[in-house]
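Written below as structure tokens is the structure these notes are about.
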Amino acid sequence: MIPKLQTQLKTGLGDYEKVDWEQLYADDPIGYVRQRDKWNEQKEQLAAAESEQQRLKQESAQKYNEQVQNYMAYGEQQLQKDIPEWKNAEVAQAEKLKIRQYAIDQGFTAEEINQVYDWRLLKIMRDAYKHSSTKKAAKKKPKQKAAARVARPGTVKQTKSTTPLKKAKTRLKKTGSVKDAARVFEQLI
């Protein structure tokens, strides 16, 4: 409503700029005084409207700042409730700086990060930071070799090498000779 009034007043003042004040004074001194009074009155009204608009803007900005401060205080309480280790101010501040650096590394600008008022967004950014930190730590950790197989109790490891007894038995099966049978008995003794 005030901008509309300002527009009307500025238009009215524009009409007075076309007036030749010296000619009006010479032709009609009483009309000159009336016109000059109307012109001054409209200037005062315009100044009052601009002043009121400025006051309303300041009031609105103050209310907005109060709302932001209240929301930030609420958010801080919620963060301390959801992240108990942040009840310690030093721990919270240190981790917030790490989250800030992580966000910058991900492509955010410092101005964008300064605009974050919503505690839920900060919580999500913290989760992303923690996940990233965990992944980096897992990559750095050396891979462990598979554990050696352990034999069950009571089992004996058998060698797969061929013994002279086996060789003799195999030769006996092939030839069937008495001489090869005697070698098998020799190996048994």
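The values are calculated or read from the model by the stated rules, or taken from the named source; none is laboratory data. Computed from a predicted structure; not experimentally measured. A quick note on method: Cβ atoms are made from the backbone with ideal geometry, for glycine too, and the neighbour counts reach across all protein chains shown.
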- Please verify whether segment 120-133 includes one or more residues that are at pLDDT below 90 and exposed (fewer than 12 other Cβ atoms within 10 Å of the Cβ). no
- Query: Could you say whether any residue in segment 53-64 is closer than 16 Å to D118 by Cβ and either in a helix (DSSP H, G or I) or of a type in the set (G, A, S) (or both)?
  - Reply: yes
- Query: Among the candidates A94, A147, A138, which residue alone is among the small types (G, A, S), on the phi < 0 side of the Ramachandran plot and at pLDDT 90 or above?
  - Reply: A94
- Message: Given the criteria modelled with pLDDT of 90 or more, under 30 Å from Y129 (Cα atoms) and basic (K, R), does K57 qualify?
- Response: no
- Query: Among the residues of segment 39-46, is any surrounded by 13 or more Cβ atoms within 10 Å (Cβ to Cβ), under 51 Å from the mean Cα position of the chain (by Cα) and either assigned to a helix (DSSP H, G or I) or in contact (Cβ under 8 Å) with a residue 24 or more places away in the chain (or both)?
  - Reply: yes
- Message: So in segment 72-94, with the set limited to residues that are among the acidic types (D, E) and farther than 13 Å from D118 by Cβ, which one is surrounded by the fewest Cβ atoms within 10 Å (Cβ to Cβ)?
- Response: E90
